[in-house]
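The values are calculated or read from the model by the stated rules, or taken from the named source; none is laboratory data. Remember, it's a predicted structure, so these values are computed and weren't measured experimentally. Here the Cβ positions follow ideal geometry from the backbone for every residue, glycine too, while neighbour counts run over all protein chains shown. Surface areas here come from the heavy atoms of the whole protein model, side chains and all, with no ligands, DNA or RNA. Shrake-Rupley method; radii C 1.70, N 1.55, O 1.52, S 1.80 Å.
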Amino acid sequence: MDHSKAPVLEALQEFRRRGDVVYGPPGHKQGRGADPRVAEVVGLDVFRSDVLLLNGLDDRRESRGILGQAQELMADAVGAEKAFFSTCGSSLSVKTAMLSVAGPGEKLLLSRNAHKSVIAAVVLNGVRPIWVHPKFDGERHLAHPPEPDDVRRRLKEHPDAKGMLLITPTDWGTCADIDGVAQACHAFDVPLIVDEAWGAHLPFHPGLPPWGINHGADLVVTSVHKMGGAIEQSSVFHLQHDRISPEVLAQREDLLGTTSASTLVYATLDGWRRQMVEQGHDLLETALSRARRIRAEIARMPGLRVMDREIVSSGLAAGFDPLKIVIDVRDLGISGMQAAEWLRGEQHVDVGGSDTCRFSASITHADDDDTEQTLLRALRALVEGADRIEPRTQVRLPAPGVLELEQAMLPRDAYFAETEHIAAERAAGRIAAETVTPYPPGVPVIAPGEVITDEVLDYLRSAGDHGALIPDAADPTVRTLRVVARS
């Protein structure tokens, strides 16, 4: 296929060249009605490029097949049989993927270290979750992907399960044995869905961890805005084999997705694919070299420990994305959350995820010498200034196994049940009717239907006191909880 082509971008360029005047959405009419104060901040070209595909870039019958051409090129670029674009982010794409495999009351194996969007999908479609617990790293207080034997055991216990959802890479860059998990699933003739939101770049360089499509996955969901070059909310479904019907996937996406898809997202997905096919290897080679230099420099900074390939050599994970710079700051006497806040406030450096122990910084093809040196200067300043960061109450981290809560009700049943709010001191033993998620990275500690324990409450309340963001709980301070009412 001709990867020098970018069908959506080219159609957008032609639309702007023609100077079409549109008498349908969007109401700003390609910027004519945009408030100049808004255009001054976001740029008038954003509005000029905000065009509907239907009766805009294409006719009402979509006869030129612009989007279809772009999706075919994407599939070819990454070795998938089919690709579908989504403009609602992978949070919605994961829900769509799950709906394509299991329906109300049916069983689906799920990694328990899943993003809150997975819990939301379980609530929405009424699937019966069969949790596959991650491999817990006690020294780092970190969850790594489950292993093939964990999946195989759960499939033997639940042979009527419809499939498996695996998260890899995790928010912290550790990766699963996709080959092994796929073989376990396919031995039971069920599909493997891989939530590879952090892995859009993986197909384009052999020095990166395995790409799900190359290692047996049936459906891979990627977020191109995370490690790629498309704008926020850009997501792609990659499909192969015959265990998941493309027709069913497309219909489920139509059920959940917007009818006013953003051409801005389509265009940047299209352009990113072209860039990666033409230049991706060299761009990622430069990024990998940059990440190695950054890691070497951090290793010389007292009080900082950067997570590296020892995660793999010690058997804790099957792979590790070297472009994820994960830095443990406990030896500085502060938390990752404090470090992230200090870096933002004092150095104007914004990092990615942060928790009690660490924070992460992603290196992508977009970094250059300036961003490399900016990060290193900020980290040196953090080391020098850490003793002046005001102490906070300690987070009481849970022991391994404490987060494996009993599932007493289906998440959907608990979420929509009659509920009551009770003081946290009285919540142990009660069934949660809400999701409670320290964020980022956004993995729920409590899901609807799980039995609350004193240990988990102690952890959550101490995390809240320390400054963790818990945005989805009815009471973000976790002083009260929403639980299923007793009959």
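Normalised radius of gyration for the stretch 1-61, please: alpha carbon Rg relative to 2.2 N^0.38 Å, two decimal places.
1.23
Remark on the stretch 227-273: ratio of C-alpha radius of gyration to 2.2 N^0.38 Å is 1.31.
With only the Cα atoms considered, the stretch 161-308 has a convex hull volume of 139 Å³ per residue. Accessible surface area normalised per residue over the stretch 74-183 is 31 Å², counting heavy atoms of protein chains with a 1.4 Å rolling probe. Taking Cα extents along the principal axes in Å as calculated from this structure, the corresponding entry among [x] 65, 55, 46; [y] 91, 53, 46; [z] 68, 48, 43 is [x]. Considering the stretch 295-426, its Cα convex hull presents a mean projected area of 12.3 nm². A compact globular protein would have a Cα radius of gyration near 2.2 N^0.38 Å; the ratio found for the stretch 397-487 is 0.97. If you wrap the stretch 311-366 in the convex hull of its Cα atoms and look at it from every side, the mean projected area works out to 4.8 nm². Between residue 344 and residue 76, residue separation times 0.36 nm minus the direct Cα-Cα distance comes to 92.5 nm. Restricting the calculation to Cα atoms, every distinct pair contributes to the Kirkwood radius of the stretch 20-172, found to be 19.3 Å. Shown here for the stretch 6-82: GluC sites (Glu not before Pro) in loop regions (DSSP other than H, G, I, E, B) with at most 15 other Cβ atoms within 10 Å, namely 62, 81. Pairs with C-alpha atoms separated by more than 27 Å, drawn from the list 162/324; 5/95; 116/324, are 162/324; 5/95. Applying both filters, DSSP loop and at most 15 other Cβ atoms within 10 Å, to the GluC sites (Glu not before Pro) of the stretch 85-192 gives 106, 139. In this simple spin-label model, placing a label point 7 Å from the Cα along the Cα-to-Cβ direction at both residue 124 and residue 10 gives a separation of 3.4 nm.
Tell me, what % of the accessible area of the stretch 331-450 is carbon and sulfur with a 1.4 angstrom probe?
Of the solvent-accessible surface of the stretch 331-450, carbon and sulfur hold 46 percent.
Each peptide in 30-37, 242-249 receives the mean, over its residues, of other Cβ atoms within 10 Å, and ordering these scores from highest gives 242-249, 30-37.
Which of rounded, prolate or oblate describes the stretch 108-244 when judged by the alpha-carbon gyration tensor and an a/c cut-off of 1.5? Verdict is rounded for the stretch 108-244. Per residue, the convex hull spanned by the alpha carbons of the stretch 1-108 comes to 175 Å³.
Accessible area per residue was computed with a 1.4 Å probe on protein heavy atoms; residue 85 scores about 10 Å².
Convex hull volume of the C-alpha atoms in the stretch 272-354, normalised per residue: 136 Å³.
Once you reduce the stretch 1-50 and the stretch 413-487 to the center of their Cα atoms, the two points are 44 Å from each other.
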